[in-house]
There are 2 protein chains.
Amino acid sequence: MSSLPRIVIVGAGFGGLTAARALDGLAADITVVDRRNFHLFQPLLYQVATAGLNPSDVAWPVRGILSRQRNTRVLLGEVTAIDTGSREVALADGRTLPYDWLILATGATHTYFGNDHWERHAPGLKRVDDATLIRRRLLLALEHAENSRDPAERRKLMSFAIVGAGPTGVELAGAIAELSKKVLIRDFRAIDPRQVRVVLVEGADRVLLSFPPELSAFALSELQKKGVEVMLNTRVTGCDGDGLRFGDGTVLSAATVLWAAGVAASPAARWLGAPADRAGRVQVQPDLSVPGQPQVFVIGDTAAIVQDGKQVPGVAPAAKQQGQHVARIIRAALAGKKSPGPFRYRDFGNLATIGRHSAVIDFGFIRIKGLLAWWLWGVAHVYFLIGARNRMLVATQWFFNYLSYTRAARLIVGADPGAKEP
Amino acid sequence: MSSLPRIVIVGAGFGGLTAARALDGLAADITVVDRRNFHLFQPLLYQVATAGLNPSDVAWPVRGILSRQRNTRVLLGEVTAIDTGSREVALADGRTLPYDWLILATGATHTYFGNDHWERHAPGLKRVDDATLIRRRLLLALEHAENSRDPAERRKLMSFAIVGAGPTGVELAGAIAELSKKVLIRDFRAIDPRQVRVVLVEGADRVLLSFPPELSAFALSELQKKGVEVMLNTRVTGCDGDGLRFGDGTVLSAATVLWAAGVAASPAARWLGAPADRAGRVQVQPDLSVPGQPQVFVIGDTAAIVQDGKQVPGVAPAAKQQGQHVARIIRAALAGKKSPGPFRYRDFGNLATIGRHSAVIDFGFIRIKGLLAWWLWGVAHVYFLIGARNRMLVATQWFFNYLSYTRAARLIVGADPGAKEP
């Protein structure tokens, strides 16, 4: 094995996993490292947070995905540094992984724009543990409201604020409104879940900023129909256990605040000593390699790359295409062939769902909204799940959720390590 | 509402929930209190621990189950004391619940026979959080073994001990053996999961002591065929992060120890100042009421009742029958009718599964073992799950697990608040 070229892939998200699978069969010694033992289908994570799906419906063990790929091993480990001189990746437990080729696909996390102390009051949604924590807070807030006799406290417990009206914020707001106003209506005796306030707060002048204004306007009106209050042009200046404070001095009393604003790349640029943009993404070469290190690549949400004057978006299809591109470059190099050259992002469309029967899709040449978009959204998401089992289980659960307006996954388990419980 | 008789049911397990449902439609003000917001189908919890099923496949929100029962409300709360003089249940958050009729169905937990410090090294399996913790430890032990270069440490990490060979211990041992020796075989590169040691430790001279000796002998041979090492007549005298110490002075090096021995009732007897047996169960009257308190009942694993010279077993069917019986007594009393009198347990059979294609069933008049018993076990367990959705999802997952020998639910999430991670 030791004479084979060593390829280390850090991160088993869409980018890293696609690269690994595209290297199947190659005469190489490939290692995939991730802090987690599973690949997460992040586009459906908000459904885990809102009790529609189980964690294991949207996540799949990396070992299982790669078990038949004999040139690849999977390591559970956390990268702490990279020595580009000696070509070694250092892990938190002291081990080092030497590499000839390195692919960094470590993703992104949310940022609180310098206010990291807001995190315990306003969790973001990137990991499975985030989703179960958010689910726990949503459901417990209503339990505590049911038990409370103080009207002001009850109102606060029944108010949910979401900061950021990108796709995740819109999906969360729509799903929470439906959960409280449709699913839970018969469950309580002292409170009426239809009186839950769901407030979506956005700094820009429209929701879904990455979509055409026409679809933003549609999404806004759909959210309002579902009972979501949308605050546009609103800057958050404070966040604590009582709720949010805004730039104009007003406050929103809400026991549960969720964070869907701001993206910061993982520390790959720092590990590499590479140039980064403001969000911390590595400014890669047109072929996705790191300047001065032709055998080190950065892909997915961790890479900053401009195409036709526009930033390639931090979405799953871009990460997957980049993983494939890098695999092609490595294959060509090892075969002594000509490099495929610069990466070209092919945009197959942008989609977001607002809730039951409502979604928006921007194919560029055509825009679809409403019921048809929602069905396309559902079919596409089931299709892109890994494995027949996940597809069947998600379809089955959606079918039951759809027919019965109940959601079985609304279990409150585990403990909340963060903020005080209301 | 205040003129209606107030019925408080503590615990939403098999006993409490059955009692609540059997009181549907009664002119009464019924409150169900539980520390958790869900009813747990405990007989399948070991499958959550061994990555075969999801928590929400075997648990169902209590509010959902009782949402259409208008005379009943559900409270999330923890009972701390009962004042039988003023007839009030005290909750941890300071609230009190007055009652006219009280049903205590608070279940049981495992006991370490005075060695409570063993718990952090050897978790038991009673709650959903126990199951996810056990799953996490099982999977992480193999991940760490894959990363270890020390043969002794690797062997320790690949050794799993289960203390107690009742139905839960047998099911866990069989499932862990199958998980490692069948499901995970292609997943690792440095270790061979088929070399995992699964050791089942029992103080008595046979496994499944509550079954006829013939079925114990069958279960023993089936376990051994699956590669489980069974140690009978073995007393545990020590338990720490390195493994187990036995009465004869020998030690078993095992990084993961699970506890399936010893049952202790919840503190209901202490709350009531009622007579209890050695396991802490309330010694109830033949009609399940507490001596001297005809309107207070104790049912399920918290009650000690002897019938035909034998203890009524702490199993789900007994708890459900007791819940029904108490509901009948209350209905009769409120209608001014004659009490139905003493409780009679009807034993419909006792069953335990050892793993794929192997189970034992004791119907009393007939004993079944092997493949047929396994199919009956599976059908019965799917049948007794609450709701069409759970039945369909569990059947679907079993079908996929059965066909593909993979288990998708093997995600390592959350943190381990207990013992050091290996």
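No value in this document is a laboratory result; all are computed from the given coordinates. This one's a predicted model, so the numbers in the text were calculated from it and none came from an experiment. Methodologically, a virtual Cβ is constructed for each residue, glycine included, from the backbone with ideal geometry; neighbour enumeration extends over all protein chains shown.
The table for this structure:
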read-out	value
Rounded, prolate or oblate (a/c below 1.5 giving rounded, otherwise prolate when a/b exceeds b/c) for the protein assembly as shown by Cα gyration tensor	oblate
Förster-model FRET efficiency, 35 Å R0, B:E119 and B:Q224, C-beta, rounded to 0.05	0.75
Residue order, fewest to most beta carbons within 10 Å, for B:T396, B:T353, B:T168, B:T234	B:T396, B:T234, B:T168, B:T353
Convex hull of Cα atoms in region B:116-261, direction-averaged projection (nm²)	8.6 nm²
Net lengthening on full extension, A:Y402/A:D242 (0.36 nm per residue, minus Cα-Cα)	54.2 nm
Label spacing, shortest first and in nm, from B:A332 to its equivalents in the remaining copies (7 angstrom along Cα→Cβ)	8.6
Position A:R356, label points 7 Å along Cα→Cβ, spacing to each other copy in nm (shortest first, one decimal)	4.0
Centroid-to-centroid separation of region A:333-347 and region A:120-167 [C-alpha atoms, Å]	46 Å
Fewest-first sequence of A:S3, A:S86, A:S289, A:S253 by Cβ atoms within 10 Å of each Cβ	A:S3, A:S86, A:S253, A:S289
Minimum Cβ-to-axis distance in chain B for the rotation onto chain A, with residue, whole Å	B:N54, 2
Antiparallel DSSP beta bridges within the protein assembly as shown, as percent of all bridges there, nearest 5	50 percent
Residue among B:A333, B:A261, B:A51 with the largest mean-square fluctuation in a Gaussian network model of chain B, springs linking Cα atoms under 10 Å	B:A333
Proximal charge balance of B:V62 [Cβ under 12 Å; K/R count +1, D/E count -1]	+3
Within straight-line cross-link reach of A:K310, aspartates and glutamates at Cα separation under 18 Å, skipping those fewer than 8 residues along the same chain	A:D277, A:D287, A:D301, A:D347, A:D362
Teacher prompt: A:N115 distances to equivalent labels in other copies, 7 Å Cα→Cβ, nm	5.3
FRET efficiency, 1/(1 + (r/R0)^6) with R0 30 Å, evaluated for A:S210 and A:E153 via beta carbons	0.20
Value at 222 nm in deg cm²/dmol, rounded to 500, when DSSP H runs of n ≥ 4 in chain B each add -39,500 (n - 2.57)	-9000 deg cm²/dmol
Candidates B:V163, B:V58, B:V379: whichever shows maximal mean-square fluctuation once chain B is modelled as a Gaussian network with Cα springs under 10 Å	B:V379
Fewest-first ranking of B:Y99, A:Y345, A:Y383, using other Cβ atoms within 10 Å as the exposure measure	A:Y383, A:Y345, B:Y99
Extension gain (nm, one decimal) between A:D129 and A:R356, 0.36 nm per residue minus Cα-Cα	79.2 nm
